[in-house]
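A quick write-up on the structure given underneath.
We did not get these values from a lab; they are worked out from the coordinates using the rules stated. Remember, predicted model here, so these are calculated numbers, not experimental data. Quick reminder, even Gly has a Cβ in these numbers, built from the backbone with ideal geometry, and neighbours come from all protein chains shown.
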Amino acid sequence: MGKRKWYVVWEGTEPGICETWEECRQRVEHVPHARYKSFNTREEAIVAFRNNGDDDAALIRAIANAPTTTVVNYAAIPEIYPGSVAVDGACSGNPGLMEYRGVDIFSGKELFRQGPYPDGTNNVAEFLAIVHALAWLNNQGKTMTAVYTDSRNALLWVKKKHCNTKLARTGRNEKLFEIIARAERWLATHDYKNFVIKWQTDKWGECPADFGRK
């Protein structure tokens, strides 16, 4: 089996990052002046997509080879529940390229990551991250596991079961709006028991799921 590759589509039926050639092919086939390229790592693909194809080799290498974040002993902080999940979102611009993820707070292990999606916002990313965590935990029967976020807006939106974004629809973010609709539908049809808690950055430091791009 050949080495795995990631594919970036800048100009095609749907810009974004593809994990297989077949998915990439479907987006660029029969598209005049389609623009795409393969990469050896996901990190390289994300940076290239974010830079619109203007590769900065030094930056790509720095991100690809960056050391993992030091794991803090959060078990020593009584306000943080054992086994809990932290979520965070990131967006390069407003709107811009958006993604989000969730991590196990105590181990630092990444549990899920979605994106990048074009023409999103940080608040939307934070909202989707919380809902994704709740759905992910409930699917596993972990209905008492707490979810932590550093976003007050996202907390309020989840409580009201509505993504109160003013993000404008573009031809590039239709998929993102579909995901938002699914998230709102999940909140409307599920009574979750998980606590969703504000991460106290001033007391505990950066959220463990933080992308480190501030």
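So in the chain, which Cys have no other cysteine's beta-carbon sitting under 4.7 angstrom from theirs?
That list is Cys91, Cys163, Cys207.
Near Lys142, which aspartates and glutamates are there with a Cα under 16 Å away, not counting those fewer than 8 places off in the same chain?
Asp104, Asp191
State the antiparallel share, in %, of DSSP beta bridges confined to the chain, rounding to the nearest 5.
80
Just checking my list [x] 8, 31, 33, 22, 5, 0; [y] 9, 26, 25, 24, 13, 3, 0; [z] 9, 38, 39, 13, 1 against P(r) over Cα pairs in 10 Å bins from 0, in percent computed from this structure; which label fits?
[x]
Karplus couplings for segment 107-118 from phi (6.51 cos²θ - 1.76 cosθ + 1.60, θ = phi - 60°), rounded to Hz, Gly and Pro as x?
The phi angles translate into 9, x, 5, 6, 9, 7, 8, 10, x, x, 10, x Hz.
Excluding residues fewer than 8 places away in the same chain, name every one of the lysines whose C-alpha is closer than 24 Å to that of Lys175.
Filter leaves Lys5, Lys37, Lys159, Lys160, Lys161, Lys166.
Between Arg172 and Asp191, with labels modelled 7 Å along Cα→Cβ, what's the label distance in nm to one decimal, could you check?
4.3
May I ask you to evaluate 6.51 cos²θ - 1.76 cosθ + 1.60, the Karplus curve with θ = phi - 60°, for each residue of segment 183-192 and list the ³J(HN,Hα) values in order in whole Hz, giving x for glycine and proline?
Once rounded to whole Hz, the list reads 5, 5, 5, 5, 4, 6, 10, 10, 9, 7.
I need the shape label for segment 132-214. Rule: rounded when a/c is under 1.5, else prolate if a/b > b/c, else oblate, with a, b, c from the alpha carbon gyration tensor.
It is oblate, given that a/c is not under 1.5 and a/b is not larger than b/c.
Suppose the chain between Ile77 and Glu11 were pulled fully straight at 0.36 nm per residue; how much longer would it get relative to their current alpha carbon spacing?
That works out to 19.0 nm of additional length.
Arrange the following residues from fewest to most other Cβ atoms within 10 Å of their Cβ: Tyr100, Tyr74.
With the sparsest Cβ surroundings first, the list reads Tyr74, Tyr100.
Once every DSSP H run of n ≥ 4 in the chain is given -39500 (n - 2.57) and the sum is divided by its residues, what mean residue ellipticity at 222 nm do you get, rounded to the nearest 500 deg cm²/dmol?
-10000 deg cm²/dmol
Counting alpha carbon pairs within less than 8 Å and at least 6 residues apart, what relative contact order, in whole percent, applies to segment 61-214?
26
Aspartates and glutamates within cross-link reach of Lys203: Cα-Cα under 16 Å, excluding same-chain residues under 8 positions apart?
Glu79, Asp150
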